[in-house]
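Beneath this line is the structure, given in structure tokens, with notes to follow.
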Amino acid sequence: MTEGDASHTLDEASCSSAQGSLQGAADTSMAAVLRTALARLQLDAAQTVSAQASAFFRRNPVPATFSVPPSEEYLKELHACWRDTRALSHSTSDARTLAAMQNAAQVGLGRMPAVEPAIASLILAPDEALRPNARCPRPQCRVTDDLLSKAYDAAARMGHIGNSLSHLLLGLSTSLQQAQVEPSLQSLSDASLQAFALMSRELGRTMSTLVQTRRQVWLAQSPLTETCRRVLRAVPVEPGELFGSAALEALEGAARARQTRQQLSGLNRGVPAPSRPGGPSAVPQRRFQPPDYSGGLRRLRNSQRMAFGPPNAYLPGSSVPHNPTDAPPRASGGRGGLLGKLTAASAVVPLGLLSLRPMQMWLNSLHLDPKWHRHRKGPTH
């Protein structure tokens, strides 16, 4: 039989099994088929009776919940490698035959996909990022990455065996239909195909989750923003790829957008601020430039020193007599008063008013130390 004849036979088997399922849906259900299989195995189906929700509604019968009892043979094989993943690692010839699959890597059933160099270059050095199997730079992240790769490889081997099992089940269904067996046997075959299809979907969901988890391990070490990480995590998983071409395009788009924003910000710095809308007669506004008061404080101190004498004239025990009724110098009008109100002294009293700046500068000119000149007093008003 050629490959085309085999695929044609499998297509006919799948179509006929689907038709048999539709024909038997009127009188049989999945629970009934499972009960038939359990009866042939001399096993009793567990019937779980739900408790009454209320004592006032006893007329409504509560349907029993159907549950399948655990299979001892299945659990025996399931737990064989549960405690030690290295147990039974040596495959037999039959296991290798069942796991042999053509073009497995093209359909996503190869080894864990490698990290794309564009993503790895964000974390690793250029020579490390170009390696076929780039590894995480952090030791703890590297351990997590290796465990995820081992889990994906085990799921891929399960997919290889599932591929062979699908051919066996479809071939069995075709043989039963050609042999014109009783409907109960055909129902068992159809239920087996349906259970296998559901298990295959869960296997695919598990492998996709493993890929997304490895994405997170690498993105958590990258300098990307949280928004960019969220976009890359949300990219659909492609079989056989870790991030895929869509993620690389999104990364390039983000880089182009960032470069465009930088160029626009550079252009905006050279453009003058727009004037207020006031028609053609509006006066163009100028940018405010703060006046230059450099040297104003020095000139103001010199003028005060000339008008009021040396700084120690107001201190007790000084050679120059002072009048207790003399008030501290005030800022005169004109240029000196303007500079006294707008120019800050070297030490300004917190929350001081602008009108008190001359007094502040006068106190600074006395050069009083809060520790050594506590006994000195200034002139009173």
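The values are calculated or read from the model by the stated rules, or taken from the named source; none is laboratory data. Everything quoted here is computed from the prediction, not taken from an experiment. Methodologically, a virtual Cβ is constructed for each residue, glycine included, from the backbone with ideal geometry; neighbour enumeration extends over all protein chains shown.
Computed quantities for the displayed model
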read-out: Yes/no for ARG201 being modelled with pLDDT of 95 or more, assigned to a helix (DSSP H, G or I) and under 26 Å from SER89 (Cβ atoms); value: no
read-out: Hits in the range 358-372 (condition: under 59 Å from the mean Cα position of the chain (by Cα), in a loop (DSSP other than H, G, I, E, B) and not basic (Lys, Arg)); value: ASP369, PRO370
read-out: Residues (surrounded by 14 or more Cβ atoms within 10 Å (Cβ to Cβ), of a type in the set (Val, Ile, Thr) and more than 15 Å from ARG138 (Cα to Cα)) located in the range 210-228; value: VAL211, THR213
read-out: Failed item in (1) free of Cβ contacts under 8 Å to residues at least 24 places away in the same chain; (2) touching a helix residue (DSSP H, G or I) at 6+ places or on another chain (Cβ under 7 Å); (3) not acidic (Asp, Glu), with SER166 passing the rest; value: (1)
read-out: Among residues of the range 100-115, those that are in contact (Cβ under 8 Å) with a residue 12 or more places away in the chain and closer than 23 Å to HIS167 by Cα, counted; value: 10
read-out: Selected residue (only one of GLN180, GLN186 is assigned by TED's automatic domain parsing to the domain that holds TRP218 and crowded, with 18+ Cβ neighbours inside 10 Å); value: GLN186
read-out: Complete set of residues in the range 134-151 that are of a type outside the set (A, V, I, L, M, F, W, C) and touching a Ser or Thr at 6+ places or on another chain (Cβ under 9 Å); value: THR144, LYS150
read-out: Within the range 87-115, tally of residues that are within 23 Å of THR209 (Cα to Cα) and basic (Lys, Arg); value: 1
read-out: Meets criteria (at negative phi and assigned to a helix (DSSP H, G or I)) for ARG230; value: yes
read-out: Filter pass, LEU34 being within 27 Å of LEU185 (Cβ to Cβ), at pLDDT below 90, of a type outside the set (Gly, Ala, Ser) and surrounded by 10 or more Cβ atoms within 10 Å (Cβ to Cβ); value: yes
